[in-house]
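Notes follow the structure.
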Amino acid sequence: MSAETPVQSAGNLTRLRLRFRDWRGSRPFWAGLFTLLGGVPIAYFPYATLKLGTMSITMSTTAGAGSLIIGVLLITLGLTMWFQAATRVFAGVAAIVLALVSLVISNIGGFLVGFLLALVGGALAVSWAPGRPEPAASGPQPAGAPGPGGTDAPGGSGPDGPRAEDRDGGHRVG
């Protein structure tokens, strides 16, 4: 390594981590992950073969194709939650319905593991709402400007003094 060789800075890893955190925060990430992980055991168990010494146990049932379809659809819905956040409600309801159907069709929903993961993922997708962006001017206001409460006093104080939101930097305490 010579003196002219550029050194990989630790800033690249930090920048990638922050970009991933921003991406993750703008969509129902955990809902998609749980739904995706719920589809794996539902699709896998009907085709799995367990070896115990020289004995093999096969879990295949007559509903193997149905289990595969449900598992693949749950994986697809998990990816849809990640990359098409606008369809999160539809994907969440569909994941809940497929999780319930997997109880009957696919070895008790992938032995309840896939069922519970898909059910929680669907519920998280239905309940997720995008956050509001931070206000652009979140710094201290000039003394003559009206405060957030609409009064002319600095910080929007009312007749009883400053509000809890003003004392805590805009975050509500109680």
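Numbers below:
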{"quantity": "Rounded if a/c under 1.5, otherwise prolate or oblate - the range 62-103, Cα gyration tensor axes", "calculated": "oblate"}
{"quantity": "Glu134-Arg24 pseudo-label distance in nm [points 7 Å out on the Cα-to-Cβ vector]", "calculated": "1.9 nm"}
{"quantity": "For the range 15-142, alpha-carbon Rg relative to the globular expectation (2.2 N^0.38 Å, N residues)", "calculated": "1.36"}
{"quantity": "The range 30-102: projected area of the alpha-carbon convex hull, averaged over directions, in nm²", "calculated": "5.3 nm²"}
{"quantity": "Accessible-area value, Leu116, 1.4 Å probe, nucleic acids and ligands omitted, Å²", "calculated": "100 Å²"}
{"quantity": "Separation of the Asn12 and Ile69 label points, Cα + 7 Å toward Cβ, nm", "calculated": "4.7 nm"}
{"quantity": "Inter-label distance for Lys51 and Ala86, nm, one decimal - labels placed 7 Å from Cα along Cα-to-Cβ", "calculated": "5.0 nm"}
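The values are calculated or read from the model by the stated rules, or taken from the named source; none is laboratory data. Quick caveat: nothing in here was measured; it's all calculated off a predicted structure. With ideal geometry, Cβ positions are generated from the backbone for all residues, glycine too; neighbour counts draw on all protein chains shown. Note: accessible area is taken over every heavy atom of the protein model, side chains too, but ligands, DNA and RNA are not part of it. Shrake-Rupley method; radii C 1.70, N 1.55, O 1.52, S 1.80 Å.
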